[in-house]
Every structure is written in C-alpha cells, then in structure tokens.
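The values are calculated or read from the model by the stated rules, or taken from the named source; none is laboratory data. Nothing here was measured: the structure is a model prediction, and the numbers come from that model. In this analysis, Cβ positions are derived from the backbone assuming ideal geometry, glycine residues included, and neighbour counts consider all displayed protein chains. Calculation scope for accessible area: heavy atoms of the full protein, side chains included, ligands and nucleic acids excluded. Shrake-Rupley method; radii C 1.70, N 1.55, O 1.52, S 1.80 Å.
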Amino acid sequence: MREKPIILWFRQDLRLADNPALTAAAATGAPILPVFVLDDETPGKWALGGASRWWLHHSLDALADALSEHGCTLHLRRGDAAVQIRTLAAETGAQAVYWNRCYEPYATRRDGTLKKALREDDIAAESFNAALLFEPWEVKTKTGTPPKVYSPYWRAMRLLGDPPPELAVPEAITGFEGPLAGDRLDDWQLTPRNPDWASGFKAIWHPGETGARDRLDWFLETALDDYRKGRDFPSKPLVSRLSPHLHFGEIGPRQVWHRTIAHCLMTGRDPFSGSPEHFLKELVWREFSHAQLFHNPDLPEACLRPEYENFPWDTAEKPLHAWQRGQTGIPIVDAGMRELWQTGYMHNRVRMICASFLVKHLMVDWRAGEAWFWDTLVDADLANNAASWQWIAGSGADAAPYFRIFNPVLQGEKFDSGGGYTRHWVPELADVPDRYLHKPWEAPGNPAPDYPSPIIDLGLGRARALAAFKDLKNGSWPDIAACA
Ligand code: FAD
C-alpha cells in the first residue's frame, strides 16, 4: 500500500533552504505534496495588492522549478485556504499537514482553527517558525511583558542568544505521485496585462530563492561596509533591497543574520559594531514590527494611541491623488512616489519623507497611505507597513513625536544634494539648478514649466499640523479649513 503523504503548505516561505516545515516533513521519509493556495477571501481587505501579485507569480514559478529538481511537483489551488487544505487532505488521504507560521491576525485565527479541525479528522498538523529570528512571544522584558519600544526589544532579543542555525536543503525529498487536479499558475493572471504597469519591475527584481541569495551576497560584498551612513542616501546602492525576498520568505532572517555574521568573521570584522550591527538592527526592526502586530492585531486599522482616532484628517480626494501620482510639486516626495509606481519599491529615507508629508503637511489619514503602499509595494508587509505608518503618524507605540515633521526641502538637500535621485524620477526638473532643485518654486525664470506648483505651502502646512497635534492632549481639534 502507498504511504500516506504529508502536505507541505507553502505560504510566505517560498524557499527550500532553511525551511523547517520541509526539513521536518522530509525527515519522516513520507512522500511530500507541496501546495500553495491563492486565498483572496480570508485576508479580507488585506488580500494581496497588485505589486505583490506580480511578485508572487514569479516567486511561485521559481519555487516550482526548484521543487521539480527534487522530484516534487508544486500543486496549486485557489479559494478559502482552510477549506482547500482540508479537501486536499481528504482527496489524498494525507497523514499530516506541515506549514511555517504567519503572524497576520487573519492567518493566526485561521491556522488555529484549521489545526484543531485537522486533528479531529485524525490528521497531524504541525507548524514551525521560518519567518522570524525568534517568536514574538519569546522576546520579553524582565517583567515578562512584550517590549513596547524598539531598544528594549533589541536588548531582550540579544539576551536570548543566537537565533537557531540555518537549515540546509534536505538531501532526500520524496515527491508525492498520484493523479490530482490543480490550477495552472498562468490561469491565475497575477501579472498585469493591458496595460502592463509592471513592465519596469523585471529589469530590477529577480524573485525566487536564487535571486534572494544573490542579492544578499551582492550586499555583503559591496554595500555592507558603508551601510550605516550610506543607507540614508537614495541615489547610492547601499541598502540590501532584500525586503520583498524576506516578505515572501525566499530567504529567511536567520539566513541573513548568520551569513552576515559569518561574512564579518571571515573578513576580520566585528559583526556587532558599526555598519554590520546597524544592518542586523534593521533586520530586528522587522521582528519588532511583527511582534507589534502579533500583540496588537488591530495595528493595521486602529491607532495604537486611541486619542489619534479623533484627529481632524482631511478627507478631500485631491491631495491624496496628487500624492499617489507624484504630482505634489514637492520634488523629493514626487520622486519617491514615482519610484514606487515604476519599480514597486521606495527607498526607506524617502518612504519616511513621503509618509510624513502625507500625514502631517497634507493631514491625510495614515490609513490611506498605508492602503496605497499595500497595493503598490512589492515588499508590502502587513506588520512592517502598519507599524511604520503608525510610527510616522505618531499614533504608534514607539512612534515619532508629533512635532517631528520632516521638512522635504531640507531632507532633499541633505540626502539628495546632487539631485541624482530626484532628477532621475522627476525629469521635468532636469534644467533646475542644484541650488533650487528641492524648491523649484524659488528658481528665477521658471526652469521647470511642466512641473506642478506645490500643492501646499510647506510653512503653512507645518503650522497647521502642529496646531492640530498640539491639541491632541486636551482633545480640542482645530477646524482645518480655518487653519489652511
Ligand atoms: P535594508 O536597509 O537593507 O534593511 C534590511 C531589512 O531590514 C529590510 O529588508 C527589512 O526587512 C528590514 N527593515 C529595514 N528597515 C525596516 C523598518 N523601518 N521596519 C521594519 N523592517 C525594516 N518594509 C517592508 O518590508 N514592507 C512594508 O510594507 C514597509 N512599509 C513601510 C512604510 C513606511 C511608511 C515606512 C517609513 C517604511 C516601511 N517599510 C516597509 C520599512 C522599510 O522602509 C523597508 O523595509 C526598507 O526600505 C526595505 O529596503 P531594504 O530591504 O533595502 O532595507
């Protein structure tokens, strides 16, 4: 009689190396049935955005190729994931379902219920950690509570010692053989056509495990040494751009952590000082965001500081649309928003500037910016996106103070002084002298006739936001129309 298979349910862990669910399944010697379920229902409003769908298509393609080299066929299903997995288990007589954990609230709810249901059906259900250095519930303060601020989080995490080592790809994987109906990837139509707005993505990104590994190798060899200072300059190739690979689990944070340390030791450097430590700390911001989401399931929808719910947001459509299209008349903001649209990515420094401009100068609700990023980023990640927007808005746990309002002119002059980044994305500014690049409205002779005037006077916008935020504590909100 044929041995019952183990279903290996791929989710945000689209890789073979350092994949604990795969390692555990392969160790049993049972035939493995790898499956991915496209579920547009369970996540509700957080179903995959357009840029993420593009990435997923290519990542699944790469995963299917990698699995086939090990004699396995990636099986595709679409619909409510819990229903699909139970159906597949019944169809194949599976003995077990293994998966790596996700931390989105809808996923933890669904997975808990599914685990119980499978076990009631006499099917083993096991989950593993492939996405984080440590589980969110493992990192605690001395009093046993989850750290609410980043620095204590980092310290508490370091007290746990090194994260578990990276797992190799299992040497022997037995693929499940049997007739089984499934979907074709192309039929899911995850990539855009008519128009193909993602045409610019292909030249920049290489989704999949190999692309992720190559990117980390490139970063360690060429950029790590200058990361600490260089990471703030969007025209310089001094950040890793690993975020979409990490989000889709084409590389795990433990791999990044251990390879960074090994690289430092091999080249005679201390991994816990200067640029290498700074990079490891950024990786831990990702952990901190996931912990925040895990402990505050409402993080993507509700202000962690409830008083912010009464903030007098401007709900007019015009400012939001100008921001989304990169037509605000503020050069560094427009450069960032256009980079985002054309590549699915925006440099972190510019993300902060664009987000601050939207929330503070334009007084648009951070959730509108969060939703736009969700649709357009290839690294759209519920934890990182929500935590970062709340940080910028000031409504988060460990948030920027309300009076920190990025001045986009000064930010542009400081971090893109040569204008390489801004001119690349906003070619209408090509003839504006460096001195006026970040404030073209002051340039004599109108050197950028095709570029819009600023949507808001920056001084007035700042004063309006400060007035509104100042009243936060006593609860009296100004009339924004009167302030404008
Ligand atoms: P690197 O500088 O090379 O950092 C390495 C890795 O560390 C990143 O890949 C990422 O996984 C992690 N990391 C770095 N900075 C942060 C951070 N501030 N918070 C959490 N993790 C971090 N990041 C996302 O992955 N998805 C998002 O949806 C997202 N939305 C954001 C929204 C706003 C408004 C802001 C200000 C930031 C957002 N970030 C998001 C965080 C950060 O901008 C990106 O992770 C980073 O720019 C990715 O580029 P990189 O891989 O080159 O980063």
*In whole angstrom, note down how far apart the Cα centers of region 52-75 and region 134-159 are.*
35 Å
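What is the local net charge at PRO449, summed over the other residues whose Cβ is closer than 13 Å to its Cβ (Lys, Arg +1; Asp, Glu -1)? Intermediate values should be presented prior to the final figure.
Numbers: positive: none; negative: GLU428, ASP431, ASP450.
In short, -3.
Calculate for the chain the 222 nm mean residue ellipticity that helices alone would give, adding -39,500 (n - 2.57) per DSSP H run of length 4 or more and normalising by residue count, nearest 500 deg cm²/dmol. Write out the running numbers ahead of the final one.
Values: 19 runs with 209 residues, N = 484.
Rounded to the nearest 500, it is -13000 deg cm²/dmol.
In what sequence, highest mean first, do 408-421, 172-185 appear when ranked by Cβ atoms within 10 angstrom? Don't jump to the answer; show the numbers that get you there.
Details: 408-421: 18.3, 172-185: 13.9.
Highest to lowest by the protection proxy: 408-421, 172-185.
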*Where only protein heavy atoms count, and the probe is 1.4 Å, what is the accessible area per residue for region 306-483 in Å²?*
40 Å²
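Relative contact order for region 306-483: what is it in percent, counting Cα pairs under 8 Å that are at least 6 residues apart? Mind dumping the intermediate values first?
Details: 233 pairs, mean separation 49.4, N = 178.
This gives 28 percent for region 306-483.
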*Extension gain, SER68 back to GLU171 (0.36 nm per residue minus Cα-Cα distance, nm)*: 35.7 nm
*asked:* Could you give the length gained by full extension between ASP187 and TRP218, i.e. 0.36 nm per residue of separation minus their alpha carbon distance, to one decimal place?
replied: 7.7 nm
*asked:* Distance between the C-alpha centers of region 210-273 and region 340-376? Whole Å please.
replied: 24 Å
*Report the label-to-label distance for SER151 and HIS321 in nanometres (one decimal), using points 7 Å from each Cα along the Cα→Cβ vector.*
4.6 nm
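Rounded, prolate or oblate: which fits region 179-309 when a ≥ b ≥ c are the square roots of the eigenvalues of the alpha-carbon gyration tensor, with rounded for a/c under 1.5 and prolate only if a/b beats b/c?
Numbers: a/c = 1.76, a/b = 1.23, b/c = 1.44.
It comes out oblate by the Cα gyration axes.
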*Give, as a single signed number, the net charge of other residues whose beta carbon lies under 13 Å from the beta carbon of GLY71, with Lys and Arg counted +1 and Asp and Glu -1.*
-4
*List the relative contact order of the chain as a percent without decimals, with contacts defined as Cα pairs under 8 Å and 6+ residues apart.*
17 percent
*Probe 1.4 Å, all protein chains present, accessible-area order of THR145, THR422, largest first*: THR145, THR422
*Roughly how many Å² is the accessible area per residue of region 6-130, as a whole number, for a 1.4 Å probe?*
34 Å²
*Between their Cα atoms, which of LYS45/LYS414; LYS148/LYS202; LYS45/LYS439; LYS148/LYS229 are more than 32 Å away from each other?*
LYS45/LYS414; LYS148/LYS202; LYS45/LYS439
*Any idea of TYR153's accessible area? Nearest 10 Å², probe 1.4 Å.*
0 Å²
*Taking θ as phi - 60°, what are the ³J(HN,Hα) couplings along region 449-462 by the Karplus curve (6.51, -1.76, 1.60), each to the nearest whole Hz, with x for Gly and Pro?*
x, 8, 9, x, 6, x, 6, 8, 6, 4, x, 5, x, 5
*asked:* As an exercise, use a Förster radius of 25 Å and the Cβ-Cβ distance of ASP270 and ARG404 to find the FRET efficiency, rounded to the nearest 0.05.
replied: 0.20
*For HIS75, list long-range residues whose amide hydrogen, built 1.01 Å from N in the peptide plane, is under 5 Å from its own amide hydrogen.*
VAL35, PHE36
